[in-house]
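Engineer: For reference, the structure I am asking about is given below.
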Amino acid sequence: MKTPVAILGATGAVGQHFLSLLADHPEFEIVGLFASRPRAHIPATSWVASLPPPPDLEGRPVETLSVGAVLASGAKAVFSALPASVAGPLERELADAGVAVFTNASAHRMDADVPILIPEVNAPHLDVCPPGRAPLVANSNCSASGLAVVLAALRPLGIRAVHVATYQSVSGAGYPGVPAIDIMGNVLPHIGKEDDKIVAETKKMLGSVQGARIVDHSMEVAAVACRVHTAFGHLEAAFIEVEQLGDTASAVALLREFRGHEAAWGLRSSPARPIHVFDDPARPQPKRDVLLGGGMVVSVGTVRRAGNTINLRLLVNNVVRGAAGGSVQNAELARARGRI
Ligand SMILES: NC(=O)c1ccc[n+]([C@@H]2O[C@H](COP(=O)([O-])OP(=O)(O)OC[C@H]3O[C@@H](n4cnc5c(N)ncnc54)[C@H](OP(=O)(O)O)[C@@H]3O)[C@@H](O)[C@H]2O)c1
């Protein structure tokens, strides 16, 4: 039987990707779309997602969001694409009322009973959700999600430190997002609290469950986030210091062979290989590679290893792997584990 679900913030950049990904999902059925005000439906002219709209877009009305309206919809789980300021109290209320919450907002990411989940990276983190209660599960910041997948693949080498610079697309700021006059022909060298979020969330995601809590990974993380004039996909340049000496080929082999935690295998949204490594030094590129594996594959290029340091470029689809697709995959894991 399908789980009835609602999308919160359905009209935005991430919300629209949820709508597309859930349209024909065998495990979930959309029973409600919510946003700040009602609409007869999302107009086709407002469709900004990198994935196609569902064929019945015009048959799906959008309601004004409230806890009562979500409960009345019959949803047993929600996919939240709300601004953090709105998500904060509302997501807790829903979880307390027995509705599982899969959120992209930052409001609860650092809460002790909320995992920042990526099934391939840290499936056991789901266990910090208190048993017998509806789970509240977060996604990371979109840049951190791609970085975490790559770090998980290199984990056998013993990660000491990672320094990362991100080149983030405009869709990362939502819809309508950054004013065109600010970003056209420009690079914005700073994005809100993004640098700090990448640091804290990466350490939490790569951390381990001890008792009923997550203990951060001890590696040093430093991040610089910039906004660039691309539509979808965040490119990142990472310098990763590891304990083991070795050559480039062995690092590439780890990335290519990575399958992630076995709990992720077989989930509908899990790609067979979460990482694709390009040999062509001109790849990955946001324009060409952002939809690899339906947007769930993290692509990597120009890997070089000298002594203890590996440097590489990576590309993550911020709205699929880094947002809606990641949340759907988390819900698939929670369902497989009997948490919804
Ligand atoms: N974009 C990304 O790449 C990305 C990646 C990871 C995480 N995130 C996070 O995901 C969340 C959504 O991001 P987004 O890029 O999709 O933002 P967005 O395009 O600005 O969409 C925000 C959505 O929230 C709704 N909303 C705003 N205020 C509301 C209120 N008071 N009550 C009910 N609904 C309200 C909006 O509805 P209206 O149309 O009615 O205003 C819209 O549907 C954010 O927390 C963001 O930080 C985004």
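Engineer: Run the numbers for A272 and L245: contour at 0.36 nm per residue of separation, minus the present Cα-Cα distance, in nm.
Structural biologist: Stretched fully, the A272-L245 segment lengthens by 6.9 nm.
Engineer: Here's another thing I want to ask about it. Can you pull the one-decimal nm distance between simple spin-label points at R37 and D182, each 7 Å off the Cα toward Cβ?
Structural biologist: 2.2 nm
Engineer: While we're here: I need to check one value: relative contact order of the chain, counting alpha carbon pairs closer than 8 Å and at least 6 residues apart, in percent.
Structural biologist: 18 percent
Engineer: Between the helical axis of 325-336 and the dominant principal axis of the chain, each derived from Cα atoms, what acute angle in degrees is found, rounded to the nearest 10?
Structural biologist: 80 degrees
Engineer: Can you compute the FRET efficiency between D113 and K193 using 1/(1 + (r/R0)^6), with r the Cβ-Cβ distance and R0 = 22 Å? Round to the nearest 0.05.
Structural biologist: That pair, D113 with K193, gives E of 0.50.
Engineer: Of K193/K287; K2/K203; K2/K193; K2/K197, which ones are farther than 31 Å apart at the Cα?
Structural biologist: K2/K203; K2/K193; K2/K197
Engineer: Taking the highest mean first, how do the peptides 132-140, 316-324, 245-253, 109-117 order by number of other beta carbon atoms within 10 angstrom per residue?
Structural biologist: 316-324, 132-140, 109-117, 245-253
Engineer: So for M219, M184, fewest C-beta neighbours within 10 Å to most, what's the order?
Structural biologist: The fewest-first ordering by Cβ neighbours comes to M184, M219.
Engineer: Explain nothing, just the number: relative contact order of the range 142-318, from Cα pairs under 8 Å at least 6 residues apart, as a whole percent.
Structural biologist: 29 percent
Engineer: Which trypsin sites (Lys or Arg not before Pro) from the range 161-215 combine a DSSP loop assignment with at most 15 other Cβ atoms within 10 Å?
Structural biologist: K193
Engineer: Taking the Cα of D24, stepping 7 Å toward and past its beta carbon, and measuring to each backbone N in the range 267-287: which are under 18 Å?
Structural biologist: 268-270
Engineer: According to a simple spin-label model (label point 7 Å from Cα along Cα-to-Cβ), what is the distance in nm between R133 and A237?
Structural biologist: Label-label distance for A237 and R133, simple model: 4.5 nm.
Engineer: Shifting gears a bit: Would you calculate the separation in nanometres between label points at A165 and E262, each defined as 7 Å from the Cα along the Cα-to-beta-carbon direction?
Structural biologist: Roughly 4.2 nm, to one decimal.
Engineer: Under a GNM of the chain (C-alpha, springs under 10 Å), which listed residue has the highest mean-square fluctuation: S50, S143, S36?
Structural biologist: S36
Just so you know, all these numbers are worked out from the coordinates, no wet-lab data involved. All values derive from a computational prediction rather than experimental measurement. Quick reminder, even Gly has a Cβ in these numbers, built from the backbone with ideal geometry, and neighbours come from all protein chains shown.
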